[in-house]
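The values are calculated or read from the model by the stated rules, or taken from the named source; none is laboratory data. Note that this is a predicted model, so its numbers are computed, not measured. Every residue, glycine as well, gets a Cβ built from its backbone with ideal geometry; the counts of neighbours run over all protein chains shown.
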Amino acid sequence: MPNPIPMEVASSLARAAGEVIRKNFSSNMAKEWKDERSPVTATDLLVNEMVLKKLRSCYPTCSILSEEGNDCLENSDNVWICDPVDGTHNFAHGIPTATFALALIQNGEPVLGIIYDPFLDRMWSAEKGKGAYVNGKRITVSKHASLKSALIGMGKMKKVFNFFPAMEEGYDKGISFITGLSTHYMAGLVAQGEFAASFFGGRPPHDMAASAIIVREAGGVVTDLHGNVPKRYDTEMDGQLCSNGILHEELLSLIQSGKIS
């Protein structure tokens, strides 16, 4: 019996995860802390368990990397990468901007990506060579060609980069920065042309894989914060910049102004 079609499995799983996220959403939910800045809720763990069970059932020879727990097999060329609740910090404090993200990686390269916003019922999706979509409608990145009046999402920093110099110079150039959204949420908005770009300084693959293929299939450009295209998306990377392509080099220069080492 052939394996189920990956996009059908991914989209079905995204909607099931979204239902759990919506059902469990409240302004005063219980949470634990993986470290001083990373909360985890029962919803993260429940969705993670759902993902592992479903993917292992459908694809017994694949590996699965997830923020809340992995199921990896040696010598597997196919890797599913999941963020069960991207934006747990907001979700855990009653802010409805969390998303579910899932990507399929083959030989290190994303070939399928899903980002699902369960609160507005928006599903961004892409497969390699087939374009990007939101709820089945084809989307493309913006054609905004100037930093002036550009709307740009900015995520968390990391030790190598201080984004404050970029913000200061960016404001002088007329950029409007939006902060506090999850990584994949911002990338979805880049893909559909609402944001000109988004960037953040994280490293885990679950924060980047789904975003990368969706933005690229929408006509955008995705690199790390040094301007390099990652060779593999199933390992850690040096942050991510998603853009409409037109502003990519200018934004890299801004980000590099805050490079510490």
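Identify, from the list K148, K143, the residue that is of a type in the set (K, R) and either in contact (Cβ under 8 Å) with a residue 60 or more places away in the chain or in contact with a strand residue (DSSP E or B) (Cβ under 7 Å, 6 or more places away or on another chain) (or both). Reasoning before the result, please.
On the way: K148 fails: either in contact (Cβ under 8 Å) with a residue 60 or more places away in the chain or in contact with a strand residue (DSSP E or B) (Cβ under 7 Å, 6 or more places away or on another chain) (or both).
Every option except K143 fails the conditions.
If you go through the range 213-222 one residue at a time, do you hit one that is assigned to a helix (DSSP H, G or I) and surrounded by fewer than 22 Cβ atoms within 10 Å (Cβ to Cβ)? The answer is yes; a qualifying residue exists. The set of residues in the range 88-101 being in contact with a strand residue (DSSP E or B) (Cβ under 8 Å, 6 or more places away or on another chain) and not in a loop (DSSP other than H, G, I, E, B) consists of T88, H89, F91, A92, T99, F100, A101. Of the strands (runs of 3 or more DSSP E) lying entirely inside the range 114-154, those carrying at least 1 residues that are over 16 Å from the mean Cα position of the chain (by Cα) and under 30 Å from G170 (Cβ atoms) are 137-139, 151-154. With the structure loaded, tell me whether G227 is more than 20 Å from I64 (Cβ to Cβ) and outside any helix (DSSP H, G or I) or whether it fails that test. Yes: the conditions hold for G227. Take the range 237-259 and flag every residue that is part of a loop (DSSP other than H, G, I, E, B) and either of a type outside the set (D, E) or within 22 Å of A126 (Cα to Cα) (or both). M237, G239, N244, G245, I246, L247, S257, G258 - these are the residues of the range 237-259 that are part of a loop (DSSP other than H, G, I, E, B) and either of a type outside the set (D, E) or within 22 Å of A126 (Cα to Cα) (or both).
Residues in the range 103-161 that are small (G, A, S) and on the phi > 0 side of the Ramachandran plot: G108, G129, G131, G136, S149. Yes or no: the range 102-113 includes at least one residue that is in contact with a Cys (Cβ under 7 Å, 6 or more places away or on another chain) and either at pLDDT 95 or above or part of a loop (DSSP other than H, G, I, E, B) (or both). Within the range 102-113 (the criterion being in contact with a Cys (Cβ under 7 Å, 6 or more places away or on another chain) and either at pLDDT 95 or above or part of a loop (DSSP other than H, G, I, E, B) (or both)), the answer is yes, since at least one residue qualifies. It is to be established whether one or more residues within the range 223-246 are surrounded by fewer than 21 Cβ atoms within 10 Å (Cβ to Cβ), without any contact (Cβ under 8 Å) to a residue 12 or more places away in the chain and not assigned by TED's automatic domain parsing to the domain that holds V111. Yes; the residues of the range 223-246 include at least one that is surrounded by fewer than 21 Cβ atoms within 10 Å (Cβ to Cβ), without any contact (Cβ under 8 Å) to a residue 12 or more places away in the chain and not assigned by TED's automatic domain parsing to the domain that holds V111.
The set of residues in the range 160-188 that are crowded, with 22+ Cβ neighbours inside 10 Å, among the aliphatic types (A, V, I, L, M) and either within 19 Å of the chain's Cα centre (by Cα) or assigned to a helix (DSSP H, G or I) (or both) comprises A166, L181, M186, A187.
Tell me, yes or no, whether the range 186-196 has at least one residue that is touching a Leu at 6+ places or on another chain (Cβ under 9 Å), among the small types (G, A, S) and modelled with pLDDT of 95 or more. Yes, some residue in the range 186-196 is touching a Leu at 6+ places or on another chain (Cβ under 9 Å), among the small types (G, A, S) and modelled with pLDDT of 95 or more.
Kindly evaluate P96 against the criterion of being more than 13 Å from the chain's Cα centre (by Cα), at negative phi and surrounded by 15 or more Cβ atoms within 10 Å (Cβ to Cβ). Criteria met by P96.
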